[in-house]
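See below for the structure under consideration.
Just so it is clear, none of the values below were taken in a lab; they were calculated from the coordinates. Predicted model only: the values in this text are computed from it and were never measured. Note that we place each Cβ from the backbone using ideal geometry, even for glycine, and neighbour counts take in every protein chain shown.
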Amino acid sequence: MTATENLSRLGLTLPSVPAPVAAYVNCVRTGNLLFLSGGLPIDGEKKVIGQVPRDVSIEEAQEGARIIILNRLAVIASEIGSIDRVTRIVGLNGFVNSAADFYDHPKVINGASELLIEIFGEKGKHSRTALGAAALPLNVAVEINLIVEVE
């Protein structure tokens, strides 16, 4: 199955491409690599805001990570025409707005990693960093950037 077919099978659709909230672009292409800026868990009126686990549960933050992946895939589709042109998810960097004594950052970022594998299969397996941060832009619970290889 193609990535687009897997997305449909999962009952998911790509949102509109989110506009950058500061002085940057959503994506820079060099050769066959796309470097995607950090995405936030915002989809229309739905926002995952606050510190994990104080304000936001791990499960809610995982859902926020999935929202980010759909937003980042929308950026990819707008850049190259289709997510089916992705040949590999190379790397993922995830940042969790977390309390100082919270150590389950990988569990939160698994929401993103697992969705990429569901959509892209083997091509979705990637290197990864999962870090905690004292604060993130707009007080979001999670932020994720990607490096993607394309045809």
Worksheet item: Could you list, in sequence order, the residues of region 101-131 that are under 14 Å from the mean Cα position of the chain (by Cα) and of a type in the set (Ser, Thr, Tyr)?
Response: Ser113, Ser127, Thr129
Fill in: Residue check, Glu45 in contact with a strand residue (DSSP E or B) (Cβ under 7 Å, 6 or more places away or on another chain) and over 21 Å from Ser113 (Cβ atoms)
no
Fill in: Criterion (touching a strand residue (DSSP E or B) at 6+ places or on another chain (Cβ under 9 Å), under 30 Å from Thr2 (Cβ atoms) and in contact (Cβ under 8 Å) with a residue 60 or more places away in the chain) met by exactly one of Leu70, Leu92, Leu40
Leu40
Item to complete: Could you tell me whether any residue of region 77-85 is surrounded by 15 or more Cβ atoms within 10 Å (Cβ to Cβ), over 23 Å from Gly121 (Cβ atoms) and in contact with a helix residue (DSSP H, G or I) (Cβ under 7 Å, 6 or more places away or on another chain)?
Response: no
Discussion item. It is to be established whether one or more residues within region 130-142 are in contact with a Lys or Arg (Cβ under 9 Å, 6 or more places away or on another chain), more than 17 Å from Gly38 (Cβ to Cβ) and not polar (S, T, N, Q).
Written reply: no
Response to the item:
Picking from Lys107, Lys125, the residue that is of a type in the set (Lys, Arg) and farther than 25 Å from Arg29 by Cα would be Lys107
